[in-house]
Amino acid sequence: MPLLEITRLTKTYARPGGGTHRVVDVREFSLEAGAQLALRGESGTGKTTFLNLIAGILAPDDGGIVVAGRDLAQLGEAGRDRHRAEHIGYIFQTFNLLQGHTALENVELGMAFGRGVDRAHAAALLQRVGLGDRLGHFPRQLSTGQQQRVAVARALANKPKLVLADEPTGNLDRRHGREALELIREVCRETGAALLLVSHDERVLAAFERMQDFATLNRALAEAAK
């Protein structure tokens, strides 16, 4: 059984001036445990909405999203939050670090919603991503690349089975972007986590052995183009 299995997934938003806009319409998609897959797609094509549905941040209009044996579409908001905390790590393009908390505290806060805070494990993760000497630094005291490393450590804090990465190199220069991508893939391999990454950057996509066009996956794009 795949780690992630999606069937007949749809998400529609209301237009400000009236009417509706279907953003996601995915008939079938799956990802095996430990697999690493990149989805190619330009901005505004529904990729982030797709990841947010998989993460349980958004509820679908219809369809099934089975992650680690549970169908998120059948869970309420609280249930989706618990399942995400226990099984899914999310690396956001904008990092989403809490500015009033240190690097160590940001990772610990990620743990608080899952299996519980383990300071030693949080510190070890930051050491693993090269920030062992920055545990007490606040985000404003870190470079953009270092903030991304904190975000990676936080996403992996609860030992997730699935890691979602939304344009994780989008705010980094070429060198730091390459380093961040290598780090994400390497740590996922070490922990056995599956990785689903979305990007429009051809350099990022070229690093993956498996890549799929989101335009061929999302039928809502084809309908909008008619």
Count of the range 8-53 residues which are touching a residue at least 40 places away in the same chain (Cβ under 8 Å), under 21 Å from PHE208 (Cβ atoms) and in contact with a Ser or Thr (Cβ under 9 Å, 6 or more places away or on another chain): 7
Filtered residue count, the range 127-182, keeping only those that are of a type in the set (S, T, N, Q), surrounded by fewer than 17 Cβ atoms within 10 Å (Cβ to Cβ) and part of a helix (DSSP H, G or I): 3
Identity of the residue in the range 86-107, outside any loop (DSSP other than H, G, I, E, B) and free of Cβ contacts under 8 Å to residues at least 40 places away in the same chain, that ends up nearest to ALA153 (Cα to Cα): LEU104
Answer from PRO16, PRO2 - the residue that is of a type outside the set (Lys, Arg), surrounded by 14 or more Cβ atoms within 10 Å (Cβ to Cβ) and part of a loop (DSSP other than H, G, I, E, B): PRO2
Set ARG22, ARG80, ARG70: member being charged (D, E, K, R), touching a Leu at 6+ places or on another chain (Cβ under 8 Å), surrounded by 14 or more Cβ atoms within 10 Å (Cβ to Cβ) and over 14 Å from VAL163 (Cα atoms): ARG80
Flag for LEU97 being more than 30 Å from ARG203 (Cβ to Cβ), out of contact with any strand residue (DSSP E or B) (no Cβ under 6 Å at 6 or more places or on another chain), surrounded by 15 or more Cβ atoms within 10 Å (Cβ to Cβ) and at pLDDT below 95: no
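The values are calculated or read from the model by the stated rules, or taken from the named source; none is laboratory data. Predicted model only: the values in this text are computed from it and were never measured. Because the Cβ atoms are built from the backbone with ideal geometry, glycine has one as well, and the counts that use them run over all protein chains shown.
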